[in-house]
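Trainee: My questions all concern the structure below.
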Amino acid sequence: MNKTIIALAIAAALPVAAQADATISGSVTTKYLNTGVIDTDAALSIASSEVLANGMTATASFDILGGVTNSGTATLAGDFGTLTVGSIDSDAAFQAGDVAGVVSDTTSGSSATSVYGIHYAGTAAGLSIAAQLNATTGADAAGTETKGTQMSATYVFNDVTLGYAYASADADGGTSEGVNVAQTAFGASYSFGDLAITAGKSSIADDAVVSATYTFTADALTVKAQMDNDSDYQIDLTFVLSDSITIASEVDKGNDTSLTATYTAGDLTASVSKTDDGTTDASIALDLGNADLTLARDGGDKETSLTYKVAF
């Protein structure tokens, strides 16, 4: 008996490795088209987070999309910053330093993609730095982008932000698909009240870009207007007609205009949109808790769909 008590006491005194709890989530989506096609997608995500003894936080996640595309990410965060390994935003480090927004995307596509690589970000005394290395495989949908490095630095003082960014591979700015072009960008932004002004230049662009954005709200109306030195402009209007009805409009240079009306009543949301190409989209969505039922009409594709999504 005494030996048993002593053994239990020794076991209780020994350090025990902490085991983080895992969170499992996912969804199953079934879409029925008016053409008779039934499309079913499934997604599964496993995530875990643990605060280590030294105060740092370690997280890990793994996503399975449709049984075909898998992605995993591991991060370590502490006073030194955040280190991420695995699936990362393909141009996160570059965009962090492009404070004037002179480069829309450093990949060859029109929108950011996910790649496998290593990313670091940290901030101290107003100075933020970011760096990353993208792997050669899966860098974009076409698989044409090679290994690339990115880095950036931004410094904030009072209402002024200064930024510098560098990318070693393929930058969006008139380059052809699959051609790798190193690019730098630098700029500054200044905000005072409702007005924000940015100025910047990319190394592969001839002219600098200067833009001003003014945002104000008067009762139920919100207006956001933006114009740059190339006479490009965009005006966004949002009007809250009542607790249930909201109207939003966007006007771009060239008279490209979109208009959206949204009606919300309890768990029901209905919307009608006139898009830039002149077609009309419409949808009715019902929130059923952990499930959603949506009836939608795509005016451009002339396609009607009924979608049922269950999440857990």
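Trainee: Would you mind stating whether Leu259 is free of Cβ contacts under 8 Å to residues at least 24 places away in the same chain, on the phi < 0 side of the Ramachandran plot and of a type in the set (A, V, I, L, M, F, W, C)?
Mentor: Against the criterion (free of Cβ contacts under 8 Å to residues at least 24 places away in the same chain, on the phi < 0 side of the Ramachandran plot and of a type in the set (A, V, I, L, M, F, W, C)), Leu259 qualifies.
Trainee: Modelled with pLDDT under 95, closer than 21 Å to Ile38 by Cα and within 26 Å of the chain's Cα centre (by Cα): which single residue out of Asp252, Asp256, Asp298 fits that description?
Mentor: Asp298
Trainee: Okay, moving on. Is there any pair linking a residue in the stretch 157-170 that is surrounded by fewer than 12 Cβ atoms within 10 Å (Cβ to Cβ) to one that is aromatic (Phe, Trp, Tyr) and modelled with pLDDT under 95, with Cβ under 9 Å and at least six apart or on different chains, and which?
Mentor: Listed pairs, sorted by first residue: Asp159/Phe192.
Trainee: What about Ile247, is it closer than 16 Å to Gly101 by Cα and at pLDDT 95 or above?
Mentor: Spelling it out, it is not the case that Ile247 is closer than 16 Å to Gly101 by Cα and at pLDDT 95 or above.
Trainee: If a residue has to be assigned to a strand (DSSP E or B) and either modelled with pLDDT under 90 or among the aliphatic types (A, V, I, L, M) (or both) to count, how many in the stretch 192-227 make the cut?
Mentor: Count: 13.
Trainee: Which of the residues that make up the stretch 91-118 are at pLDDT 85 or above and either over 27 Å from Ser191 (Cβ atoms) or surrounded by fewer than 18 Cβ atoms within 10 Å (Cβ to Cβ) (or both)?
Mentor: Gly101, Tyr116, Gly117, Ile118
Trainee: While we're looking at this one, here's another question. Hey, can you tell me all the residues within the stretch 1-36 that are at pLDDT below 90, of a type outside the set (Gly, Ala, Ser) and either touching a strand residue (DSSP E or B) at 6+ places or on another chain (Cβ under 9 Å) or closer than 26 Å to Ala58 by Cβ (or both)? Working first, answer last.
Mentor: Narrowing the stretch 1-36 to residues at pLDDT below 90: 1-22, 34-36.
Then keep just the ones that are of a type outside the set (Gly, Ala, Ser); that gives 1-6, 8, 10, 14-16, 19, 21, 34-35.
Leu14, Pro15, Val16, Gln19, Asp21, Asn34, Thr35, listed by residue number.
The values are calculated or read from the model by the stated rules, or taken from the named source; none is laboratory data. Predicted model, so just to flag it, every value in this text is computed and none were measured. Every residue, glycine among them, receives a Cβ derived from its backbone with ideal geometry; neighbour counts consider all protein chains shown.
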